[in-house]
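Following: one structure in C-alpha cells, then a few remarks.
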Amino acid sequence: MAFYVYENWTHDRARVHVGSCGYCNDGRGTQAGDSGRNGQWHGPYDDRQAAVAVAEKLGRADTKLCGTCAP
Ligand SMILES: [Zn+2]
C-alpha cells in the first residue's frame, strides 16, 4: 500500500492519504479543483509512519489523517 501527503498552501494544512483514496488517486488528486496552484502532493511513501512524519515536518497549522480513507 502506498501513502501520500497533500500539502495545501492556501489553507495551511496537510493530509495523509492512502493511494487508493478518492481524494488522492495515487497522488493525482481529484480532477476538479486541483490545479496545482493550491498545494502539492508528497510521496508515495511505503509506510504510514513515513507519510505521517513527512506531514508533521511540513509544519502546517492543520495536520491530520484523511477522514475519508483513514490511513
Ligand atoms: Zn484520503
The chain - mean residue ellipticity at 222 nm from DSSP helices (-39,500 (n - 2.57) per run, n ≥ 4, rounded to 500): -4500 deg cm²/dmol
Antiparallel bridge percentage (DSSP; both residues within segment 3-65; nearest 5): 75
Residue-span extension gain [D12 to L58] - 0.36 nm each, minus C-alpha spacing: 15.6 nm
Binned Cα-Cα distances of the chain, short to long, each 5 Å bin given as a whole percent: 3, 21, 32, 28, 14, 2
Simple spin-label estimate for T68 and M1 in nanometres, 7 Å along Cα-Cβ: 1.7
Sparse-neighbour loop sites [trypsin sites (Lys or Arg not before Pro); the chain; at most 10 other C-beta within 10 Å; DSSP]: R37
Karplus-derived 3J(HN,Hα), 6.51/-1.76/1.60, for each residue of segment 46-55, Hz, glycine and proline x: 6, 9, 4, 4, 5, 5, 5, 4, 5, 4
Approximate spin-label separation Y23-D47, in nm, with each point projected 7 Å along Cα-to-Cβ: 2.5
Where chymotrypsin sites (Phe, Trp or Tyr not before Pro) fall in DSSP loop in the chain, at most 16 other Cβ within 10 Å: W9, Y23
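Quick note: the coordinates plus some simple rules give every number you see, no bench work behind them. Computed from a predicted structure; not experimentally measured. Quick reminder, even Gly has a Cβ in these numbers, built from the backbone with ideal geometry, and neighbours come from all protein chains shown.
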